[in-house]
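The structure under discussion appears below in the form of structure tokens.
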Amino acid sequence: MSIIDYKRRTKSPFIWDGDVMRPQVRAFILGLIKQNFPGAIGAFVLGSITTLHWNNSADVDVNVVYPEKTKTRPWQTIAISMAKEKIYIPETPHIVNFYVNKPKDAKDAIDRTVGAYNLGNGAWLKRPDDLYVDPATQEDKFKKQIEDIDINVAELNRDVKDIQLIIETFRHAPDDEKQLMLDHLLDKKKEIEEDLKALTEEYDELHKARLAAFEKEFAGDRNAANKHLLNQTLPGNVVFKMMERYGYRELLEKLRDIQKGLPA
């Protein structure tokens, strides 16, 4: 899953046979690319699934590359739709996700990642470095990050239950009380909007902290960052990975989408 996973003796045997991707896995992924991403000029697997630090919930992240002048938005939409389907590679516990890039962005992705494997010719673009960070070293920062989130989620759960109760009461209320119920409902809706807004801001802060881990610490010295991959071990990225492991990132993304869907 990430650099916070303990080192295994081998890469995932569901995906790899030693240092080579299993033929049936590679064929399955290439088949999906051919079917869903016509016109792509390349594709590679990157991230922790290429390393010894993985678990069964690790995704197989695939970058699909299009020519520089291509309008990639339609293909990005397809990639997002496929991610929602949660496509498992047959006979494995691993989901495959697709990301669409142009050559320059693809190069940056390879520079930043721990390992990259070319699906076209089955060769390594970048052999993975053996990185590991003990999550305990960032435990305090992680706890501080989730305190406000836990409070807001608890408040949100209470507001949702209150709304369910109000709706149930409304169904059986006499006509002269229904307006009062509607007023309560609108008040609770406003509280939920405030909770969602707070959680959306938490998500944005989380995302910015991770970006800072990849940019701020090594501003003006990308070569050093690429060479040693120290940006993978910076606190912002480690806390992000911990949020991901315990489901906070997924929760925040869902709530962010809900918040965006509410009327202004």
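Is there a residue being modelled with pLDDT under 95 and either in contact with a Cys (Cβ under 8 Å, 6 or more places away or on another chain) or basic (Lys, Arg) (or both) anywhere in the range 9-29? Yes, there is a match, as at least one residue in the range 9-29 is modelled with pLDDT under 95 and either in contact with a Cys (Cβ under 8 Å, 6 or more places away or on another chain) or basic (Lys, Arg) (or both). Residues of the range 56-71 that are surrounded by 15 or more Cβ atoms within 10 Å (Cβ to Cβ) and under 22 Å from residue 113 (Cα atoms): 58, 59, 60, 61, 62, 63, 64, 65, 66. Residue 149 meets the conditions (1) under 30 Å from residue 112 (Cα atoms); (2) surrounded by fewer than 12 Cβ atoms within 10 Å (Cβ to Cβ); (3) modelled with pLDDT of 70 or more in every case but one. The failed one is (2). Counting only residues that are hydrophobic (A, V, I, L, M, F, W, C) and touching a Gly at 6+ places or on another chain (Cβ under 9 Å), the range 62-100 holds 3 of them.
The values are calculated or read from the model by the stated rules, or taken from the named source; none is laboratory data. Just so you know, these numbers come straight off a predicted model, no measurement behind them. Here Cβ is always computed from backbone atoms with ideal geometry, including for glycine, and neighbour counts include all displayed protein chains.
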